[in-house]
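Contents: one structure, followed by commentary.
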Amino acid sequence: METIKVDGSMYEGGGQILRMSIALSAVLGKPVTVYNIRAKRSNPGLRRQHITAIESVKKLVNARTTGLSIGSMRVEFIPGEIRGRELRLDIGTAGSTMLVLQSLMPAAAFADRETKIWIRGGTDNPMAPPADYIASILIPFLHKMSYEADLKLVKRGFYPAGGGIVEALLKPVKFLKPINLTEFGRIEKVTVFAYSCLLPGHIVERMCRTACQMLREHGLENIEVRKEILYRASPKCSVSPGCGIMIIVKTNKTILASNSLGARGKPAERVAEEAVKDILHEINMESGVDKHAADQLIVYMMLAKGESEIYTGSMTMHTYTCIKLAEMFVGEHIFSIDGEVNAPATITCRGIGLENKYLS
């Protein structure tokens with residue numbers, strides 16, 4: 001089979017191109033070579049978390065690889081059979097557990113049996129979706145597509161120590177159903193969830209107070225407030241201090257979310273303001289999916305049997321990159337985009353209807 005060659009410096013030129021290339025190679029059974037990996041970054045080439053992600057997918061699909069070393073600019077990945085199994089993975093840094101999990105999930109859907117995954121690393125990272133977001137938003141959407149996935153956050157992991165733990169159970173599916181998320185609908189519930197580890201309790205209180213005040217000023221009522229304030233005595237508490245907030249808007253048609261993380265010198269009020277501004281944008285644009293869910297759903301829309309359609313109030317370059325990569329692997333134009341990058345867009349996909357050869 002001909003090897004697909006991917007220039008890792010195209011578009012944003014980040015780790016996303018590498019991770020998605022490996023994920024697509026694994027689920028479609030097509031060999032891939034990725035070169036110029038993270039060429040535009042100040043520290044180009046593979047980092048520890050990229051190697052962990054590739055090695056985990058390698059185990060799942062019994063692949064052959066070359067180039068898996070820190071700083072490597074070129075990786076070859078030749079996938080084999082997808083075999084469900086138990087995987088225990090340790091990133092060894094605060095690198096994102098969710099980015100590793102995202103690399104595994106597409107192939108695990110088409111395995112011969114369920115896959116159980118235990119990952120240690122970062123759970124709340126500034127450059128990746130937090131574990132709470134994946135559990136609250138992406139996984140419910142995948143359930144709509146008949147993919148039974150479950151995610152449990154066992155221990156939080158903030159930068160720099162990481163040390164967080166997540167557990168996932170991924171059950172194979174015969175085929176993925178298409179998904180339609182183009183309508184915003186009527187707001188039923190707003191949830192403000194603020195959390196902290198090893199920090200004074202007033203930080204969570206201030207995040208909640210600021211978020212609720214801003215949301216009410218914009219006419220949003222029926223706000224549920226959830227607080228998680230953890231200290232050393234809690235087994236869920238992170239090794240390093242940290243905090244964050246997630247705002248979830250549930251409507252009768254969809255579910256949207258935004259999040260923001262704290263940082264040294266960043267007031268709790270500003271953390272809340274960032275999340276509120278993001279969710280208000282999604283509400284004002286009447287999004288069917290938020291900007292983060294859009295890029296995560298692309299690979300599943302591609303694999304589904306039938307036509308999927310989503311509407312997002314702001315299509316990111318991440319999402320556009322995912323679309324172009326997916327079409328590169330399929331070898332044909334299966335997506336149509338009504339919109340532009342950093343603007344509202346309706347994305348339609350004529351799925352390839354991949355079927356799990358192990359399930360009758």
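Checked against the criterion of being more than 16 Å from the chain's Cα centre (by Cα) and surrounded by 24 or more Cβ atoms within 10 Å (Cβ to Cβ), the stretch 285-301 contains one or more residues that satisfy it.
Residue-by-condition table, conditions (1) buried (at least 20 other Cβ atoms within 10 Å of the Cβ); (2) over 16 Å from the mean Cα position of the chain (by Cα):
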residue: L99; (1), (2): yes, no
residue: A107; (1), (2): yes, no
residue: F110; (1), (2): yes, yes
residue: R120; (1), (2): yes, yes
residue: D132; (1), (2): yes, no
residue: L138; (1), (2): yes, no
residue: Y147; (1), (2): yes, no
residue: D150; (1), (2): no, no
residue: R156; (1), (2): yes, yes
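Quick grid of which residues meet (1) part of a strand (DSSP E or B); (2) touching a helix residue (DSSP H, G or I) at 6+ places or on another chain (Cβ under 6 Å); (3) farther than 22 Å from D90 by Cβ:
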| residue | (1), (2), (3) |
| --- | --- |
| P129 | no, yes, no |
| I134 | no, yes, no |
| H143 | no, no, yes |
| S146 | no, no, yes |
| G185 | no, no, yes |
| V192 | yes, yes, yes |
| L199 | no, no, yes |
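Name the single residue, out of those in the stretch 12-37 being assigned to a loop (DSSP other than H, G, I, E, B) and under 19 Å from the mean Cα position of the chain (by Cα), that is surrounded by the fewest Cβ atoms within 10 Å (Cβ to Cβ). Across the stretch 12-37, the extreme among qualifying residues is E12. Scanning the stretch 48-82 for residues that are under 21 Å from the mean Cα position of the chain (by Cα), of a type outside the set (G, A, S) and buried (at least 19 other Cβ atoms within 10 Å of the Cβ) returns Q49, H50, I51, T52, I54, V57, K58, L60, V61. With the structure loaded, tell me whether V239 is in a loop (DSSP other than H, G, I, E, B), modelled with pLDDT of 95 or more and touching a Phe, Trp or Tyr at 6+ places or on another chain (Cβ under 6 Å) or whether it fails that test. Criteria not met by V239. Apart from one condition, E273 fits all of (1) in contact with a strand residue (DSSP E or B) (Cβ under 7 Å, 6 or more places away or on another chain); (2) over 28 Å from E148 (Cα atoms); the exception is (1). Read through the list (1) within 24 Å of R120 (Cα to Cα); (2) surrounded by fewer than 19 Cβ atoms within 10 Å (Cβ to Cβ); (3) in contact with a strand residue (DSSP E or B) (Cβ under 9 Å, 6 or more places away or on another chain), then give the number of the only condition that N43 fails. Looking at each condition in turn, N43 falls short on (3).
Scanning the stretch 215-253 for residues that are buried (at least 23 other Cβ atoms within 10 Å of the Cβ) and out of contact with any helix residue (DSSP H, G or I) (no Cβ under 9 Å at 6 or more places or on another chain) turns up S238, G242.
Out of the residues in the stretch 337-351 that are under 25 Å from K5 (Cβ atoms) and surrounded by fewer than 17 Cβ atoms within 10 Å (Cβ to Cβ), state the one that is nearest to the chain's Cα centre (by Cα). Checked the stretch 337-351; the qualifying residue nearest to the chain's Cα centre (by Cα) is V341. Name the residues in the stretch 86-97 that are surrounded by 16 or more Cβ atoms within 10 Å (Cβ to Cβ) and either over 24 Å from A39 (Cβ atoms) or of a type in the set (K, R) (or both), would you? Passing the criteria: L87, L89, T97. Restricting attention to the stretch 119-161, the residues that are at pLDDT below 95 and small (G, A, S) total 2. Within the stretch 71-99, the set of residues being under 23 Å from D7 (Cβ atoms) and not in a strand (DSSP E or B) comprises G71, S72, M73, P79, L99. Residue pairs whose Cβ atoms lie under 9 Å apart, separated by 6 or more positions or on different chains, with the first residue in the stretch 299-321 and basic (K, R) and the second outside any strand (DSSP E or B) and surrounded by fewer than 24 Cβ atoms within 10 Å (Cβ to Cβ), are K305/F175; K305/K177; K305/P178; K305/G351; K305/I352; K305/G353; K305/L354; K305/E355.
The values are calculated or read from the model by the stated rules, or taken from the named source; none is laboratory data. Here the structure is a predicted model, which means the values were calculated and not measured. With ideal geometry, Cβ positions are generated from the backbone for all residues, glycine too; neighbour counts draw on all protein chains shown.
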